[in-house]
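Taking it in order: structure first as structure tokens, then the write-up.
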Amino acid sequence: MTAENGSVPDEGEVVTYERRGPVAVVTMNRPDYRNAQNSVMTYSLDAAFQKAVADDEVKVVVLAGSGEHFSAGHDIGTPGRDHHVRYDNAAVMWWDHVDRPGGDQRFARESEVYLGMCRRWREMPKPTIAMVQGACIAGALMLAWSCDLIVASQDAFFSDPVVRMGIPGVEYFAHPWMLGPRRAKEVLFTGDRFGAAQAYEWGMVNRVVPREDLESETFALAEKISTMPQFGLALTKRAVNQCEDLMGMRAGMDAVFGLHHFAHAHNAEVGADSLGGMTAKSMKASATEKDGAK
Ligand code: ZN
């Protein structure tokens with residue numbers, strides 16, 4: 001890693017790794033920022049997942065978020081936002097984004113850090129379970145959706161509000177496959193939050209449990225899966241993923257990634273920046289105004 005501006009604070013371990021018998025627990029650890037994902041978190045997650053894959057004793061991986069919320073999405077405004085920091089590409093064969101101008105920079109960075117990484121994690125040869133409490137917003141949906149199963153607490157809520165930025169959804173555009181086309185449109189058109197019960201009804205999550213049971217229920221499920229043969233699980237995961245891709249998900253995402261970047265470029269051309277002038281604060285404020293949530 002190379003800091004270009006030297007102003008990114010050292011926050012210690014932004015991802016923790018723990019083994020509980022056959023289960024590896026990978027935890028996002030920026031609770032003060034609702035686990036907003038900066039690049040150091042992306043690469044720390046990747047390192048943790050690689051460790052879990054390489055450990056023969058690990059059968060199942062649980063992805064968690066520390067604190068009150070799973071994750072508020074991509075880091076668009078904390079002091080640790082590190083989008084001008086260089087990391088070694090791991091997800092795609094492309095040049096580094098840092099010294100590039102305009103769309104060249106955005107395309108390089110988002111191909112690597114967002115779309116490429118989520119795809120890479122989805123293809124991890126061990127079953128993964130997202131354990132979701134509280135907020136799971138925008139870029140956080142990408143993480144949860146990259147996992148094979150999702151267990152949510154009753155207080156979990158989800159949304160992809162980036163249409164407010166003039167952008168047609170987050171980079172890992174799985175919405176139509178995760179929600180169904182018509183619900184995907186409603187979720188995107190309104191930017192509204194939907195709760196765990198709604199997500200369950202739509203088939204987006206596997207279980208909804210009380211907050212106090214979230215951990216025990218998730219680990220019970222992980223333990224159950226861990227009794228299956230490792231290679232059988234890997235082949236089964238691949239089988240379902242291949243069918244999902246035959247249902248057009250991979251090709252659809254590639255096509256939409258172009259629209260996503262066209263929207264960023266349009267914003268940068270006509271306005272202040274590629275996010276349509278929206279900040280973490282204004283995004284949160286407009287969501288609060290819209291649905292009365294806190
Ligand atoms: Zn983007």
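The values are calculated or read from the model by the stated rules, or taken from the named source; none is laboratory data. Since we're looking at a predicted model, the values are computed, not measured. Cβ atoms come from the backbone with ideal geometry, glycine included; neighbour counts cover every protein chain shown. Calculation scope for accessible area: heavy atoms of the full protein, side chains included, ligands and nucleic acids excluded. Shrake-Rupley method; radii C 1.70, N 1.55, O 1.52, S 1.80 Å.
Here is the figure for segment 35-47: residues that are open to solvent by 10 Å² or more (accessible area, probe 1.4 Å) and in contact with a strand residue (DSSP E or B) (Cβ under 6 Å, 6 or more places away or on another chain) total 2.
Is it fair to say residue 236 is open to solvent by 60 Å² or more (accessible area, probe 1.4 Å), modelled with pLDDT of 95 or more, under 30 Å from residue 154 (Cβ atoms) and in a helix (DSSP H, G or I)? Here the answer is yes, as residue 236 does meet what is asked. Here residue 56 meets the list (1) of a type outside the set (Val, Ile, Thr); (2) open to solvent by less than 60 Å² (accessible area, probe 1.4 Å); (3) more than 29 Å from residue 276 (Cα to Cα) almost entirely, failing just condition (2). Among the residues of segment 144-161, just one is farther than 19 Å from residue 201 by Cα and open to solvent by less than 10 Å² (accessible area, probe 1.4 Å), namely 146.
Report yes if residue 164 is in contact (Cβ under 8 Å) with a residue 40 or more places away in the chain, in contact with a Phe, Trp or Tyr (Cβ under 8 Å, 6 or more places away or on another chain) and open to solvent by 50 Å² or more (accessible area, probe 1.4 Å), otherwise no. Spelling it out, it is not the case that residue 164 is in contact (Cβ under 8 Å) with a residue 40 or more places away in the chain, in contact with a Phe, Trp or Tyr (Cβ under 8 Å, 6 or more places away or on another chain) and open to solvent by 50 Å² or more (accessible area, probe 1.4 Å).
State whether one or more residues within segment 210-220 are under 30 Å from residue 89 (Cα atoms), free of Cβ contacts under 8 Å to residues at least 24 places away in the same chain and surrounded by fewer than 23 Cβ atoms within 10 Å (Cβ to Cβ). So that I can check it myself, show each step before the final result.
Here is the first cut: in segment 210-220, the residues under 30 Å from residue 89 (Cα atoms) are none.
No, the conditions are met nowhere in segment 210-220.
To keep it simple, each residue is scored yes or no on (1) aromatic (Phe, Trp, Tyr); (2) under 30 Å from residue 209 (Cα atoms); (3) more than 15 Å from the ligand (Cβ to nearest atom).
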{"residue": "101", "(1), (2), (3)": "no, no, yes"}
{"residue": "104", "(1), (2), (3)": "no, no, no"}
{"residue": "110", "(1), (2), (3)": "no, no, no"}
{"residue": "120", "(1), (2), (3)": "no, yes, yes"}
{"residue": "136", "(1), (2), (3)": "no, yes, yes"}
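Quick one: in segment 167-195, which of the residues that are among the basic types (Lys, Arg) and over 19 Å from residue 74 (Cβ atoms) is surrounded by the most Cβ atoms within 10 Å (Cβ to Cβ)? Show your work before the answer.
Quick first cut of segment 167-195, residues among the basic types (Lys, Arg) only: 182-183, 185, 193.
Subset that is over 19 Å from residue 74 (Cβ atoms): 182-183, 185.
Values: 182: 9, 183: 18, 185: 13.
Once the filter is applied, the top-ranked residue is 183.
Kindly provide the set of residues from segment 90-143 that are part of a loop (DSSP other than H, G, I, E, B), free of Cβ contacts under 8 Å to residues at least 24 places away in the same chain and surrounded by fewer than 19 Cβ atoms within 10 Å (Cβ to Cβ), ordered by number. Answer for segment 90-143, where residues must be part of a loop (DSSP other than H, G, I, E, B), free of Cβ contacts under 8 Å to residues at least 24 places away in the same chain and surrounded by fewer than 19 Cβ atoms within 10 Å (Cβ to Cβ): 93, 94, 95, 96, 99, 100, 101. Looking across segment 157-170, the residues that are within 11 Å of the ligand (Cβ to nearest atom) and over 27 Å from residue 208 (Cβ atoms) come down to 165, 167, 168.
State the number of residues belonging to segment 222-271 that are within 16 Å of the ligand (Cβ to nearest atom) and without any contact (Cβ under 8 Å) to a residue 24 or more places away in the chain.
Summing the residues that are within 16 Å of the ligand (Cβ to nearest atom) and without any contact (Cβ under 8 Å) to a residue 24 or more places away in the chain in segment 222-271 gives 6.
Does residue 82 satisfy the criteria of being away from the ligand (no atom under 12 Å from the Cβ) and buried (at least 19 other Cβ atoms within 10 Å of the Cβ)? Yes, satisfied.
Per-residue answers, yes or no, for (1) within 27 Å of residue 155 (Cα to Cα); (2) in a strand (DSSP E or B):
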position	(1), (2)
7	no, no
18	yes, yes
25	yes, yes
32	yes, no
46	no, no
67	yes, no
